[in-house]
Amino acid sequence: MSKKETKLNLKSNWDLAPSLESTSHVKLKNKYDLFIGGKWVKPSSGKYFDTINPATEEKLASIANGNKKDVDLAVKAARKAYDTTWSKLSGKERGKYIFRIARIMQEKAKELAVVETLDGGKPIRESRDIDIPLAANHFFYYAGWADKLDYAFPNRNPKSLGVAGQITPWNFPLLMAAWKIAPALACGNTVVLKPAETTSLTTLLLAEIIEEAGLPAGVVNIVTGAGDTGAEIVNHSGIDKIAFTGSTGVGKIIQNAIAGTDKKITLELGGKAANIVFEDAPLDQAVEGIVNGIFFNQGHVCCAGSRLLVQESVYDIVLRKLKDRMESLIVGNPIDKNTDIGAINSKSQLDTINHYIKLGKEEGAEIYQPEGKLDKKGYWCKPTLFTGVAQSNRIVQEEIFGPVLAIQTFRTIEEAITKANNTPYGLSAGVWTDKGSKIFNMTSQLRAGIVWANTFNKFDPTSPFGGYKESGFGREGGLHGLEAYLSFEN
Amino acid sequence: MSRIEVLKTYKMYIGGKFPRTESGRYYSLKNTKGEEIANMCTGSRKDFRNAVVEARKAFELWSNRTAYNRSQILYRIAEMLEGRKAQFIDELMQIGSTKKQAENEVFTSIDRLIYYAGWADKYQQISSSVNPVSGPYFNFTIQEPTGVVAVIAPEENGLIGLVSTIAPIIVSGNSCIVLASESKALCSVSFAEVVNSSDVPGGVINILTGNAEELIPHFSTHKDVNSMLYCGNDKKATQLIKENSTTNLKRIVVKKDIDWMKNENESPYFITKFTEVKTTWHPIEKIGASGSGY
């Protein structure tokens, strides 16, 4: 007996009244200086750049443009703090400072969430429920490791490295700062961090929180700026360790730049994750997982499920359910609690995404986008599907970093594994099936650092994150995340 | 005219409430000068049995909380204790500590709570394992809390002994019934007040006052108590507890001659003493291959 399929008629009057998160309690300064040696200092060049709200193209604040001289000051401040205070503190006392950071972040969570959304364009629901609580949780988790490192690495006598140079991306600005700063401090290092130039604000608010928590001056230094500022950190001889999250291209440049040094390095780079749906999967849940996998944070996610592999027997039904679901996604004002897909982070990223969409069409793939109008102001991209793609197509091989999904089919489990593993990347993968034994078969054969089974884009401070192959090396999160910030006797 | 001080009635802590003992009995607590400073409850068998019922109920709730949540709640106890440190220092001094000793004991107690708060979402990471069995199975071993733990707290410390035994027991999800130090019970009761204002669900920590010799037979024979911690040097009591544990195969942990003020007496292995080890086998589908595990 066939069950009658019912579907909401979205052409009827389904517009939701706006539900805007209040921004009145947010106190942003007009101008942000560099945070060096526990003080807010003007950039030596005297230059500032604008940070804008990508949903309105309006300026939010001026951000200091740090240069070589500023980076040098920051590294020296970090070294001094390392030598005179931080490396001399007991693990217990270090931990208590880090717990303080976690607690103040929890207290200011709402403000941080609103600023994250204004500056980066992500839906307030995501910054409120995911980015900010997870960032605080990261500090909480690593605070507890500070006095327990010998248990994490028995018989290895773990020691701090010194000054860590850290460069974070624009897709999860505060969360990535937490991923980097929390383990670095817990392991006894001091930090010079550069946030991405389009999303500096929450990292600067974090600097204010660190100040409020009373950390010794120079333990954490924030130098804002663009790629050339980051290069100064990478190349500075006073840096003992580089932690970078960003594109594979830049990651390779960094690895090359420090090849002649003893700097320790971890790279968390791009991805092109396969989200694999078997015919025995709970299809409605799988469709939700596909949507979450690729449209979460506008697809600005290194581990996004940007390739969908569907078993041929359920292809038609999955595609129809997916298109139906996409029709109900709300693209628009990120500060609106109804919004599913916010603003693209920057004009240049929107150009990149549009370039790939054009390329996909030129490669002969079939495009699908739901109907609906986009705002004139701001940077927007509709959720986009490509069907009829080949494994060799660039939209299948390359990271787009936007809400663009390429769909392929497979018949056998071997074919799914071959296709899933057939990119230079290896960050994450998803598997959807009701059969547990099949899940573990897949997880044992997928060449990826994280495999989600019947879920996607789940993160936790206790769970290591990082890639195989050209998605980078080293792990952030969990016990394994400590290793990146320690040296060992053996 | 000088103001007349209001004196506190020291009660016990059972199921998130502060009852007096059902037996109506009390004993006098004296300060170093031999002056009576409080009438403490002499807890009875019935009080203990009531506490076990509450602890069992709380265990279901508490062990199902996320490790992160338990971590934050232990941290919250430390925050509350920090805010009331003056009171605890004063109480410890009343029963014989110098100011410096009292401060040390309170600060070490706060830090110890934070130490164990940190282990909540970590102890599994150093004690669980994935086992490379010879066959197509995903086989892993984890720890789970034992259940309800009865504790005879160290007699010689009022606060640090209590904190050092309660924290590692509850951090994994156990609930407990603790008999406080008889001679230094003053801040044990005040500690219950701190616990009560720290988002710890009622029944997770139950604190009784009274006489160890009287209560040990009941603690060690109760069939709904899964594990018992005895802190003390009494050989006869130790033997009795071990013998009685056979009624329901209680896991018995004995801690003798421990200086709880020392950091070497805090350990993740103290947490795992109050856990059970569970191994799960899950098949891995291997098509056309001999197949191995993880």
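Miscellaneous remarks
- Number of positions in the range B:78-121 that are facing another protein chain (nearest Cβ under 10 Å) and hydrophobic (A, V, I, L, M, F, W, C): 6
- The residue list A:Gly449, A:Gly472, A:Gly478 contains one member that is within 30 Å of A:Trp145 (Cα to Cα) and free of Cβ contacts under 8 Å to residues at least 24 places away in the same chain, which is A:Gly478.
- Taken over the range B:136-152, the residue count meeting the criterion of being buried (at least 18 other Cβ atoms within 10 Å of the Cβ) and either touching a His at 6+ places or on another chain (Cβ under 9 Å) or under 19 Å from B:Ala212 (Cα atoms) (or both) is 7.
- Filtered residues of the range A:436-449 (kept if more than 7 Å from chain B (Cβ to nearest Cβ) and over 15 Å from A:Gly467 (Cα atoms)): A:Ile439, A:Met442
- Condition met for A:Ser346 (out of contact with any strand residue (DSSP E or B) (no Cβ under 7 Å at 6 or more places or on another chain), of a type in the set (Gly, Ala, Ser) and surrounded by fewer than 16 Cβ atoms within 10 Å (Cβ to Cβ)): no
- Here the condition is being within 14 Å of another protein chain (Cβ to nearest Cβ), under 24 Å from A:Ala365 (Cα atoms) and in contact with a helix residue (DSSP H, G or I) (Cβ under 9 Å, 6 or more places away or on another chain); of A:Ile417, A:Ile407, it holds for A:Ile417 alone.
- If you go through the range A:420-456 and keep only what is surrounded by fewer than 18 Cβ atoms within 10 Å (Cβ to Cβ), under 20 Å from A:Gln397 (Cα atoms) and under 20 Å from the mean Cα position of the chain (by Cα), you end up with just A:Pro424.
- Subset of the range B:194-221 (residues that are assigned to a helix (DSSP H, G or I) and acidic (Asp, Glu)): B:Glu213, B:Glu214
- Any hit, the range A:235-243, residues being buried (at least 24 other Cβ atoms within 10 Å of the Cβ), in contact with a Ser or Thr (Cβ under 6 Å, 6 or more places away or on another chain) and modelled with pLDDT of 95 or more: yes
- The condition (being surrounded by 22 or more Cβ atoms within 10 Å (Cβ to Cβ) and in the same structural domain as A:Val318 (by TED's automatic domain parsing)) is satisfied by just one residue among A:Glu363, A:Glu371, A:Glu399: A:Glu399.
- Selected residue [surrounded by fewer than 21 Cβ atoms within 10 Å (Cβ to Cβ), modelled with pLDDT of 95 or more and aliphatic (A, V, I, L, M)] from A:Ala109, A:Ala146: A:Ala109
- Among the residues listed as A:Thr56, A:Thr23, A:Thr6, the single one being at pLDDT below 90 and among the β-branched types (Val, Ile, Thr): A:Thr6
Quick grid of which residues meet (1) buried (at least 17 other Cβ atoms within 10 Å of the Cβ); (2) more than 14 Å from chain A (Cβ to nearest Cβ):
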residue	(1), (2)
B:Phe191	yes, yes
B:Gly210	yes, yes
B:Phe219	yes, yes
B:Thr238	no, yes
B:Ile241	yes, yes
B:Asn244	yes, yes
B:Thr272	yes, no
B:Lys278	no, yes
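- Pick from the range A:277-320, criterion assigned to a helix (DSSP H, G or I) and among the β-branched types (Val, Ile, Thr), ranking: surrounded by the most Cβ atoms within 10 Å (Cβ to Cβ): A:Ile294
- Complete set of residues in the range B:41-73 that are surrounded by 18 or more Cβ atoms within 10 Å (Cβ to Cβ) and farther than 30 Å from B:Gln124 by Cβ: B:Cys41, B:Thr42, B:Gly43, B:Ser44, B:Asp47, B:Phe48, B:Asn50
- Candidate set: the range B:122-157, residues that are among the charged types (D, E, K, R) and farther than 30 Å from B:Lys184 by Cα; chosen: the one farthest from the other protein chains (Cβ to nearest Cβ): B:Glu144
- Residues of the range A:142-166 that turn out to be away from chain B (no Cβ under 13 Å) and among the aliphatic types (A, V, I, L, M), as a count: 3
- Test: residue in the range A:93-106 that is over 17 Å from A:Trp179 (Cα atoms), over 28 Å from the mean Cα position of the chain (by Cα) and not hydrophobic (A, V, I, L, M, F, W, C): yes
The values are calculated or read from the model by the stated rules, or taken from the named source; none is laboratory data. Please read these numbers as outputs of a predicted model, since none were measured by experiment. Please note: Cβ atoms are built from the backbone with ideal geometry, for glycine as well, and neighbour counts cover all protein chains shown.
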